[in-house]
Structure formats: C-alpha cells, structure tokens
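Quick notes on the structure that follows.
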Amino acid sequence: MSESYERERQNNARLDELSAKVSALRGVTIDIYNSANAHEVIDSTNETFSSMGTQLKGSASRLGRMAASGNKVAIFKLSGILILTVLVLYYTFKIVTWIF
C-alpha cells in the first residue's frame, strides 16, 4: 500500500511540474502573440506616415506651382487659410494649457 501511495505522490508531483511548465508556455505564447500584434500596429503606422509624407510632398509641389503661376486670388486665399489655421491652433493650445 505504501508503494502505491508513493507512486501516486510522485505522479502528483510530476503533474504539478507539468502544469507549471504548461502555464509558463502559455504565458510565453501570449507574449509572442501580443508582440506580433504590436509589430503589426507599428508597421501599419509606418505605412500611414509614409503615405502622408508622399501626399504632403505632392501638395507642396502643387502649392509651389500655384504660387509660380502668379494667381494672386489663390495666393491670398491660401495665405488667409494658413493664418487662420495658425491662429486657431494658437488659441486652442492656449486654452488647453490654461485648463490644465
């Protein structure tokens, strides 16, 4: 009887060891999955910024062509939009810093 009890105790000890290893493996697997998702988000963000940079370069070149053409009305409209944007951003940040 004591021999079967000893074997049962050894089996339980081995089962506990195996359970701990499976839990550790599960944790590593979850960490790998989370890391892969984080890299996917980073890659997506890099593609978005790259696309935005290309669009910004295209807009700047079109803006340069417009300014070179000498269309004064378009230049005044653009200047007004830029000044208005700067003022809105200035006052928005001023209000935000005042709140916090």
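Bear in mind these aren't lab numbers, they're just calculated from the coordinates by the rules spelled out. Please read these numbers as outputs of a predicted model, since none were measured by experiment. In this analysis, Cβ positions are derived from the backbone assuming ideal geometry, glycine residues included, and neighbour counts consider all displayed protein chains.
A few comments on the model shown:
- Applying 0.36 nm per residue to the separation of TYR91 and ALA36 and subtracting their alpha-carbon distance, the gain on full extension is 15.7 nm.
- The chain: C-alpha gyration tensor shape, a/c 1.5 cut-off, then a/b vs b/c: oblate
- Net lengthening on full extension, ARG62/GLU47 (0.36 nm per residue, minus Cα-Cα): 3.1 nm
- Ellipticity estimate at 222 nm from DSSP helix runs (n ≥ 4, -39,500 (n - 2.57)) divided over the chain, nearest 500: -36000 deg cm²/dmol
- Taking 0.36 nm per residue of sequence separation and removing the Cα-Cα distance, the SER69/VAL22 pair yields an extension gain of 9.9 nm.
- Selection from SER51, HIS39, ALA20, by position along the positive dipole direction of the stretch 1-69 (Cβ): SER51
- This model, with +1 at the C-beta of Lys and Arg and -1 at the C-beta of Asp and Glu, gives the chain a dipole about its Cα centre of some 1140 debye.
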